[in-house]
1. Take region 93-141 and flag every residue that is out of contact with any helix residue (DSSP H, G or I) (no Cβ under 7 Å at 6 or more places or on another chain) and part of a loop (DSSP other than H, G, I, E, B).
2. Which one of these does Trp232 not meet: (1) among the hydrophobic types (A, V, I, L, M, F, W, C); (2) open to solvent by 40 Å² or more (accessible area, probe 1.4 Å); (3) touching a helix residue (DSSP H, G or I) at 6+ places or on another chain (Cβ under 6 Å)?
3. Yes or no: Glu142 under 15 Å from Val73 (Cα atoms) and either out of contact with any Lys or Arg (no Cβ under 7 Å at 6 or more places or on another chain) or in contact (Cβ under 8 Å) with a residue 60 or more places away in the chain (or both)?
4. Restricting the search to region 71-98, which residues are among the aliphatic types (A, V, I, L, M), more than 20 Å from His179 (Cβ to Cβ) and surrounded by fewer than 23 Cβ atoms within 10 Å (Cβ to Cβ)?
5. If you check Ala101, Ala112, which single one turns out to be at pLDDT 95 or above, more than 19 Å from Thr178 (Cβ to Cβ), among the small types (Gly, Ala, Ser) and surrounded by fewer than 19 Cβ atoms within 10 Å (Cβ to Cβ)?
6. Only one of (1) farther than 24 Å from His181 by Cα; (2) surrounded by 15 or more Cβ atoms within 10 Å (Cβ to Cβ); (3) charged (D, E, K, R) is not met by Asp137, so which one is it?
Amino acid sequence: MSTAKEIPRPRARLDADSARSRKPVARRKRPSIILRTTVGSILRTLRREAPAWNAPVLTLMAAERGDPFLTLVGCVLSLRTKDETTAVAAPRLFERASTPAAMLELDVSEIARLIYPVGFYRTKAQAIHSICRDLIDRFGAEVPDRIDDLLTLKGVGRKTANLVVTEAFGKPGICVDTHVHRISNRWGLVAARTPEQTETALRQTLPRRYWIEYNSLLVAFGQTICQPVSPWCSRCPIAPRCPRIGVTHSR
């Protein structure tokens, strides 16, 4: 009884298959990123260009004049509100009351009327009234300069606390809002999913000497140039150095 012989594969086909198996797999090139060693140059460029942007955050900061109380209240108003709206509502409120004691002379309904149409204006009016009462009862009518103390005030989270200690007291801190979170990741300086994770990553990555000005520069930059959708890359002073991570369309 004969046994069927195995039919050999053609050598040409065998060689082709082997060649394909040996061909290296192409890998996607990782985009270049802005490193901590170059971020200083980037920030110097933004610092030089910022006065020409007419950004709402710069208008708000001018209205607050570095006053800890005005900075605190202004940041509470800005939560989940467009910066353009806050930049109008905050000065209107400050014209009527610029200290905790003066604010408590206003009814909550009057505060709400003055800050309208900021987001959640009724809730924020109550929070501002509560903050002023706490400042008087617990802190001698002074805004504390420690993040842990600020976090005990109703309506004050890490973003607000960091902004107060940096802008009003000149102490190191990193305030991360939607602009700072977006741009830091767009630059590749960090790779984080949430603002809280971005703050932690920046504390490890960003040189300490840039912490105080980082928020104000990036917020102004994000309001005017590096916007969430279709950023103005054609107007960007750092466009040649930006990896544009996650940007699918620009102007």
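The values are calculated or read from the model by the stated rules, or taken from the named source; none is laboratory data. Here the structure is a predicted model, which is why all the values come from computation and not from measurement. Here the Cβ is made from the backbone with ideal geometry for all residues, glycine too, and neighbour counts use every protein chain on show. Calculation scope for accessible area: heavy atoms of the full protein, side chains included, ligands and nucleic acids excluded. Shrake-Rupley method; radii C 1.70, N 1.55, O 1.52, S 1.80 Å.
1. Glu105, Asp107, Tyr116, Gly119, Phe120, Gly140
2. Result: Trp232 passes all but (3).
3. yes
4. Hit for region 71-98 is Ala97, nothing else.
5. Going through Ala101, Ala112 in turn, just one is at pLDDT 95 or above, more than 19 Å from Thr178 (Cβ to Cβ), among the small types (Gly, Ala, Ser) and surrounded by fewer than 19 Cβ atoms within 10 Å (Cβ to Cβ): Ala101.
6. Unmet for Asp137, out of (1) farther than 24 Å from His181 by Cα; (2) surrounded by 15 or more Cβ atoms within 10 Å (Cβ to Cβ); (3) charged (D, E, K, R): (2).
Matching residues to (1) open to solvent by 10 Å² or more (accessible area, probe 1.4 Å); (2) more than 30 Å from Cys236 (Cβ to Cβ); (3) of a type in the set (A, V, I, L, M, F, W, C):
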{"residue": "Arg146", "(1), (2), (3)": "yes, yes, no"}
{"residue": "Thr152", "(1), (2), (3)": "yes, yes, no"}
{"residue": "Leu163", "(1), (2), (3)": "yes, no, yes"}
{"residue": "Phe169", "(1), (2), (3)": "yes, yes, yes"}
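Here's the yes/no breakdown for (1) over 13 Å from the mean Cα position of the chain (by Cα); (2) aromatic (Phe, Trp, Tyr); (3) assigned to a helix (DSSP H, G or I):
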site	(1), (2), (3)
Ile174	no, no, no
Val180	no, no, yes
Arg209	yes, no, yes
Gln227	no, no, no
Ser230	yes, no, no
Pro237	yes, no, no
